[in-house]
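Enquirer: First the structure, which I've put down as structure tokens, then a few questions once you've had a look.
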């Protein structure tokens, strides 16, 4: 039977297949010297570690999920990044604006959990004037999301869609292969929810399209 760490390692390995799209979103914003960056809803930290590699500033990684954060903390220690990556076992809604204001905020899937409008306002209050937000969210209700962003004194400087082909080629195919490559068949049970997700993908892959918004605060 695989360990919890091995489970996270497999998921993170496959998650890295999508990092090139975060890099594409980052390339749409101007160079920021020594930026203060928030990874909102960081999970086990795949995007956060990319941010530490790409930027010379400080990354604040926030998530209330203790298991995911424990995995990220272990990676931060192994990579000697404790001076650059600050971890908060917390919800973004608990961060106060007196001590936390950011030049760039990354929200990879967070708004799908919190609700788009609530999550957007929750991170917007933490953003400096003329700062940037990169949101990765489900494609559903794209026009309504665009309108809400623009009504809150922000402008979209870039956006692009990840279709179902991208999601299969760059994530789900890797995950399915990794799950069934184990010689210990009991390990498959560890991935029950992931296999259900893959089955849902096969039934209606159009529901798995997503979108990146790259946003500047006016």
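Enquirer: What's the FRET efficiency of residue 3 with residue 199 using the Cβ-Cβ distance as r and R₀ = 22 Å, to the nearest 0.05?
Expert: 0.30
Enquirer: Out of the DSSP beta bridges found with both residues in the chain, what percent are antiparallel (nearest 5)?
Expert: Roughly 45 percent of the DSSP beta bridges within the chain come out antiparallel.
Enquirer: Dividing the convex hull volume of the alpha carbon atoms of the chain by its residue count, what do you get in Å³ per residue?
Expert: Taking only Cα atoms, the chain has a hull volume of 117 Å³ per residue.
Enquirer: Right, another one. With labels modelled as points extended 7 Å from the Cα through the Cβ direction, what inter-label distance (nm, one decimal) is found for residue 218 paired with residue 32?
Expert: 2.0
Enquirer: Same structure again: Using a basic spin-label model with each label point 7 Å from the Cα along Cα→Cβ, how many nm lie between residue 91 and residue 188?
Expert: Each label point lies 7 Å from its Cα, and together they span 3.8 nm.
Enquirer: Roughly how many Å is it from the Cα centre of the range 145-192 to that of the range 84-137, as a whole number?
Expert: Rounded to whole Å, the Cα centres lie 20 Å apart.
Enquirer: Taking Rh as the Kirkwood radius computed over C-alpha pairs, what is the Stokes-Einstein D of the range 90-137 at 10 °C in a medium of viscosity 1.306 mPa s, expressed in µm² per second?
Expert: Here the translational diffusion coefficient equals 147 µm²/s.
Enquirer: Taking 0.36 nm per residue of separation and subtracting the Cα-Cα distance, what length does fully extending residue 146 through residue 74 add?
Expert: Residue separation times 0.36 nm, minus the Cα-Cα distance, leaves 22.2 nm.
Enquirer: Once both axes come from the Cα atoms, what is the angle between helix 142-151 and the longest principal axis of the chain, in degrees from 0 to 90, rounded to 10?
Expert: Helix 142-151 sits at roughly 30 degrees to that axis.
Enquirer: Report the full-extension gain for the segment residue 180 to residue 101: residue separation times 0.36 nm, less the Cα-Cα distance, to one decimal in nm.
Expert: Stretched out fully, the residue 180 to residue 101 stretch lengthens by 24.1 nm.
Enquirer: Continuing with the same structure: With Kirkwood's inverse mean 1/r over C-alpha pairs for Rh, give me the Rg to Rh ratio of the range 74-167, two decimals please.
Expert: Rounded to two decimals, Rg/Rh equals 1.00.
Enquirer: For residue 206 and residue 169 in the same chain, what is the full-extension length gain: residue separation times 0.36 nm, less their Cα-Cα distance, in nm?
Expert: Working it through step by step, the gained length comes to 11.9 nm.
FYI, it's all coordinate maths here, none of it is from the lab. Everything numeric in this text was worked out from a predicted model, so none of it was measured. No Cβ is skipped: glycine too gets one built from the backbone with ideal geometry, and neighbour counts run over all protein chains shown.
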